[in-house]
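Comments concern the structure below.
The values are calculated or read from the model by the stated rules, or taken from the named source; none is laboratory data. In this text the structure is predicted, and so the values were computed from the model without any measurement. Heads up, the Cβs are rebuilt from the backbone with ideal geometry, glycines too, and the neighbour counts pull from every protein chain shown.
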Amino acid sequence: MARIVTVYNAWRKPFDLVEMGYIRWLKMSEALACWGHEVDIATDEPTWHRLWGRRSEVRLGPRLRRIPLAAVRWDEYDMVKTLFHVGFETLERYHGTAHPLVISKLGSVVAPHDMEGVPFYGRQRARLYAVQERIARTSAYVTVISPPAQELWTECFGPTPEVLLVPGAVDREVPPPGPDPYPADGRPRCLFAGNVYFRQSQPEGNAVLMDKLNRLGALLTQRGARLYLLGTGDVRRLDRRHVTYLGSRSYGDAWDFMHHADVGIIVAPDRYLHNNETTKLYHYLRVGLPVVCEAGFPNEHLIAEAGLGLVTANGNIEAMAAGVAEALARPWDRDRAVRYILQHHTWDQRAAIYDALLARRSPPS
């Protein structure tokens, strides 16, 4: 089996499973370890939280460990896997780009110019594109999450490095339902679980999401339901009369909010997303939660394939509210949706792509 190190950022913060980037970092590392590889997660997390008695919720299984980023010896590994643009920048900062097998995973692919559906603009988009140019010169493979991202990368950089298509996924085993975390007010619970962005990094997306959630929340209030927001991001524009903010919770705690919700909500931060999928969809379907999704995501077809939810026209919030009413009334085959996700969209299935790649290359040390 191979020795693998995974790299995301060099932030001095605890390794907590709140933000989806950290969740994916851990889950893919776990899945690679389950395939029999020895996997190190290289972090720059501080030790002060341990000194103050804080304990991380993260428990690592066999063949998986967290190590200090500054202590990594790149030549001791058979594969180096970076996450997102910042992961490759971290690899550059710590002098690991000379490794012969660097696989760079990207959440979004940007073009050399601003384009609709890719929510990065101007200088920020130009900086990300410059990172992609360095990835194209250095990495052995690039990983993207959707066919449009694969097409855009190839259009910009050609067939080398090879592009791997590895979409998002969800756990095969999830915690069973625990205590109901919602108020016992008798109103249907409609849950949006995910990042709503920050004004400093993606102000356009944040403004759009706040507007859509506020309008949808008002319409659902009129219908006797309640909209809840669970996740990270700037919520100062949220209308608390119609949307209840649950804060950002740990990954382990978030499952109860999905288990006990009545409908999972997905709204888009633009008219459509060109190449960035919605990861929350996998999690909603994994627990058998009916979904009402605003059109505009590359992976929205999963809803029809799972047979659990509706896709409504982008920008039509009234249609979304009507879709919620329909979703609440329809008898769904939730078990079928769960079986579909387990058959096609788990982390171990995604990690199999890397396992096969390693098997094709020279024997690992």
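General remarks:
- Any hit, the stretch 201-208, residues being more than 22 Å from G309 (Cβ to Cβ), in contact with a strand residue (DSSP E or B) (Cβ under 8 Å, 6 or more places away or on another chain) and touching a residue at least 24 places away in the same chain (Cβ under 8 Å): no
Every residue, every condition in (1) more than 14 Å from the chain's Cα centre (by Cα); (2) in the same structural domain as F84 (by TED's automatic domain parsing); (3) more than 11 Å from R66 (Cα to Cα), yes or no:
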| position | (1), (2), (3) |
| --- | --- |
| A10 | yes, yes, yes |
| F15 | yes, yes, no |
| L26 | no, yes, no |
| A33 | yes, yes, yes |
| T43 | yes, yes, no |
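- Residue tally, condition part of a helix (DSSP H, G or I), out of contact with any Leu (no Cβ under 6 Å at 6 or more places or on another chain) and under 19 Å from L227 (Cα atoms), over the stretch 245-257: 4
- Residue-level check: of (1) surrounded by fewer than 19 Cβ atoms within 10 Å (Cβ to Cβ); (2) out of contact with any Ser or Thr (no Cβ under 7 Å at 6 or more places or on another chain), R172 misses just (2).
- Matching residues, the stretch 94-123, being outside any loop (DSSP other than H, G, I, E, B) and surrounded by 14 or more Cβ atoms within 10 Å (Cβ to Cβ): V102, I103, S104, K105
- Within the stretch 6-60, the residues that satisfy the criterion of being among the acidic types (D, E) and modelled with pLDDT under 95 are D16, E19, D44, E45, E57.
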